[in-house]
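Contents: one structure, followed by commentary.
Computed from the coordinates by the stated procedures, all read-outs in this text should not be read as laboratory data. Predicted model, so just to flag it, every value in this text is computed and none were measured. Note that each Cβ is placed from the backbone with ideal geometry, even for glycine, and that neighbours are counted across all protein chains shown.
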Amino acid sequence: MKRGDIDRVTGRSKKIQRIINMIPKGLRLRFNPRRYAIERFVEKSSKYLKNGIKILDAGAGPCPYKYFFKHCKYESTDFVDTHKNLDFVSDLSEIPRPDLNYDAILNTEVLEHLENPEKVLSEFNRILKKGGKLILTVPQGWMVHQAPHNYFYFTSYGLKSLLKKAGFSKYKIAPMGGYFWFLADAIRFNNLLEPIKKNKLLYYPLSIIGGLFTQILLPFVFFHLDSLDKKRDWTMGYTVEAIK
């Protein structure tokens, strides 16, 4: 999702965003558990990759995680090069690369936008070398976004089925937090003030006051309550490490 789209969905004012951006990143991520979970997972996964290995960022968009892979031979692709920064453009169900070409593939928050995720995962398996790693994140619970190209959300059981059919022999699937991270994530993306957006005298004060609660205070509190949920059926999504 583009930054402009997120801003329209959340109704976040520029003043609130400026306040948030002034906070050190390590602390700021605790207001956004989804971003925290994904970024920490990708960073941790990158550290286990050997120097010089070849990795493909599939569905890379603006390549937000490229800096984690400075020690790798990083390539990026997506169906359109909006940001003019990709190595090549491709449909992820038909990637124009030979078999056994990559040591690792990164795919974050993309699979829900693809009409045939099983075919895409099979394509990833095809271009991965034997023993190659797929680093993947997917949502289980989130708002409709990038409509109409928002086709699926995934449970751990669905992921296991897809990975097996795609030919991955080993995989580790972990929830991205529990109920409180899910709640913190959901409350950040609200558009309750949209009906009064034209009334600037009412909208801006309420958006600033509301933003302090929904973008900072409540997400921060919920972030630190998440350890109370041991079952984690209510989760934002899943991280996946799969081996060919």
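Amide H to amide H under 5 Å from Lys73: which residues, 5+ apart in sequence or cross-chain, H placed 1.01 Å off N in plane?
Under 5 Å from the amide H of Lys73 lie the amide H atoms of Gly52, Ile53, Lys54, Ile55, each far enough along the sequence or on another chain.
Taking a ≥ b ≥ c as the square roots of the Cα gyration tensor eigenvalues, with a/c under 1.5 meaning rounded and otherwise prolate when a/b beats b/c, else oblate, which class fits the range 60-109?
It is oblate, given that a/c is not under 1.5 and a/b is not larger than b/c.
Roughly what percent of Cα-Cα pairs across the range 170-214 reach past 16 Å?
Here the tail beyond 16 Å accounts for 53 percent of pairs.
Please report the spacing between the Cα centers of the range 114-167 and the range 22-83 in Å, no decimals.
For the range 114-167 versus the range 22-83, the Cα centre distance is 18 Å.
Normalise the Debye intensity by I(0) for the range 108-189, one equal point scatterer per Cα, no solvent, then take log10 at q = 0.14, 0.18, 0.26 Å⁻¹ and round to two decimals.
Evaluating at q = 0.14, 0.18, 0.26 Å⁻¹ gives log10 I(q)/I(0) of -0.52, -0.82, -1.38.
Hey, what's the Cα Rg ratio for the chain versus the globular rule of thumb, 2.2 N^0.38 Å?
Relative to the 2.2 N^0.38 Å estimate, the chain comes out at 1.06.
So if we plug the beta-carbon distance of Asp81 and Leu228 into 1/(1 + (r/R0)^6) with R0 = 45 Å, what FRET efficiency do we get, rounded to 0.05?
0.55
Have a look at Ile55, Ile208, Ile196 and tell me which one the Gaussian network model of the chain (Cα, springs below 10 Å) gives the largest fluctuation.
Per the Cα network of the chain with a 10 Å cutoff, Ile196 tops the list.
When only C-alpha pairs under 8 Å and at least 6 residues apart count, what is the relative contact order of the chain, in percent?
Computed over the chain, the figure is 25 percent.
Name the long-range amide H neighbours of Tyr171: under 5 Å, sequence gap of 5 or more, or other chain; modelled H, no Pro or chain starts.
The answer is Ile243.
Taking H placed 1.01 Å from N in the peptide plane, check which residues at least 5 places from Met176 or on another chain put their amide H under 5 Å from its amide H.
It is Met236, Gly237, Tyr238, Thr239, by chain and number.
Measuring from a point 7 Å past the Cα of Ile187 along Cα-to-C-beta, which residues in the range 198-213 have an amide N at less than 18 Å?
206-213
Which one, Met236, Ser90, Phe68, projects farthest toward the positive side of the charge dipole computed for the chain from Cβ point charges (K/R +1, D/E -1)?
In the chain, that residue is Phe68.
Can you compute the charge dipole magnitude of the chain about its Cα centre, using +1 on each Lys and Arg Cβ and -1 on each Asp and Glu Cβ, nothing else charged? Give it in debye, rounded to the nearest 20.
It comes to approximately 800 debye.
When ranked by the protection proxy of mean other Cβ atoms within 10 Å per residue, highest first, what sequence do the peptides 104-111, 199-206 form?
Final packing ranking: 104-111, 199-206.
At Asn150 and Ile243, where each label point lies 7 Å from the Cα along Cα→Cβ, what is the point-to-point distance in nanometres?
If labels sit at Asn150 and Ile243, their model points lie 3.6 nm apart.
Provide the per-residue ³J(HN,Hα) series for the range 136-148, in order, calculated from phi with Karplus coefficients 6.51, -1.76, 1.60 and θ = phi - 60°, each as a whole number of Hz, with x at glycine and proline positions.
Along the range 136-148, the couplings run 9, 10, 9, x, 9, x, 6, 6, 5, 8, 6, 4, x Hz.
Could you pull the Cα extents of the range 47-160 along its three principal axes, largest to smallest, in whole Å?
37, 33, 26
Please name which of Val80, Tyr48, Ala147 has its Cα lying farthest along the dipole of the range 3-243 towards the positive end, using unit charges on Cβ (Lys, Arg +1; Asp, Glu -1) and the Cα centre as origin.
With unit charges placed on the Cβ atoms, the residue in question is Tyr48.
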